[in-house]
1. Cα axis of helix 74-84 to longest principal axis of the chain: angle in degrees, 0 to 90, nearest 10?
2. Treating the angle as unsigned and between 0 and 90°, give the value, to the nearest 10°, between the Cα long axis of helix 174-189 and the longest Cα principal axis of the chain.
3. With the contact rule set at Cα under 8 Å and sequence spacing of 6 or more, what percent relative contact order holds for the range 2-220?
4. Under 5 Å between amide hydrogens, which residues at least 5 positions from A35 or on another chain qualify, with H placed 1.01 Å from N in the peptide plane?
5. Using alpha carbons only, how many angstrom separate the centre of the range 117-154 from the centre of the range 1-69?
6. Take D96 and R16, extend 7 Å from each Cα along the Cα→Cβ direction, and tell me the distance between the two endpoints in nm.
7. Per DSSP helix of 4 or more residues, -39500 (n - 2.57); summed, then divided by the residues of the chain. What does that give at 222 nm, rounded to the nearest 500?
8. What do you get for trypsin sites (Lys or Arg not before Pro) in the range 91-183 restricted to DSSP loop and a cutoff of at most 13 other Cβ within 10 Å of the site's Cβ?
Amino acid sequence: MIQIKNLRKYYSVGNRKIDILKDINLEVNQGDMIAIMGRSGSGKSTLLNIMAGLLKADGGTYFYGKENVNEMSLEQSASFRRKNIGYVVQNSALIDSKNVFDNIALPLRYAKSSKADIEKKVAFVLAALDIKPLQYSSIDTLSGGELQRIAIARALIQNPKLILADEPTGSLDEQTENEVLSLFKDLNQQGKTIIIVTHNQQVADMCHKTYSIKNGECKLNQPIL
Ligand SMILES: Nc1ncnc2c1ncn2[C@@H]1O[C@H](COP(=O)(O)OP(=O)(O)OP(=O)(O)O)[C@@H](O)[C@H]1O
Ligand SMILES: [Mg+2]
């Protein structure tokens, strides 16, 4: 499903180039659930942004199926993202001036879905994530765990094949974390491909494979038998 080869990404800071991703190679099959780990600043969010088509790599290739995502125009990658990917970004990135319902409905409004369709789909994810009572709350009144669930609901709203989740349990208490994890597990069992960036070993243990990004490379962690 995903084939990443020799991927490179640097950031320019002043007139210096800082290599973040130097040679990333990664294959993800449909139905996989994988964890990506690594120190803060190692480039995990950068890699997810590239996979989501939000950021262009500076070298190498990224194929999603037969599509060469890194060669797409901005418009093409936006439509690719809408069609295929649910992205739970780090720190949720919700819009404070909109309530919970409108935040979750946002991708559907971009896609010009009908009002009835929006009502139906939002009601479904609200129930799945157990946040129905919050649907008319304003974002700035919610707890970290609630925000996290709303961000996940928004990523799921279009029924994407691939879910990218950047530290989705970062700000959750243990019980909420377990709920979110079992939700990801269910989604995976329903056939979704899931890539989770995490610092949490318990989250990683739940995945089929774990990788670590170190010195700009992505290596498979061998399971401890
Ligand atoms: N737009 C940018 N311009 C310059 N440097 C950047 C930019 N975005 C990220 N960086 C730097 O690139 C490095 C990798 O950032 P990234 O957010 O991918 O790390 P991360 O592995 O997700 O870290 P964390 O675990 O803290 O979320 C960091 O040192 C960061 O400061
Ligand atoms: Mg990050």
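The values are calculated or read from the model by the stated rules, or taken from the named source; none is laboratory data. On a predicted model such as this, the values are computed, not experimentally measured, just so you know. Don't worry about glycine lacking a Cβ; one is built from the backbone with ideal geometry, like all the others, and counts go over all protein chains shown. For the accessible areas, the whole protein counts, side chains as well, though only heavy atoms, and no ligand, DNA or RNA atoms are used. Shrake-Rupley method; radii C 1.70, N 1.55, O 1.52, S 1.80 Å.
1. 60 degrees
2. Between the helix axis and the principal axis of the chain, the angle is about 80 degrees.
3. 31 percent
4. Here I196, K209, T210, Y211 satisfy the definition.
5. Answer, in whole Å: 30.
6. Here the answer is 3.3 nm between the modelled labels.
7. Details: 7 runs with 78 residues, N = 225.
Value at 222 nm, helices only: -10500 deg cm²/dmol.
8. In loop regions of the range 91-183 (DSSP not H, G, I, E or B), the sparsely surrounded trypsin sites (Lys or Arg not before Pro) are K112.
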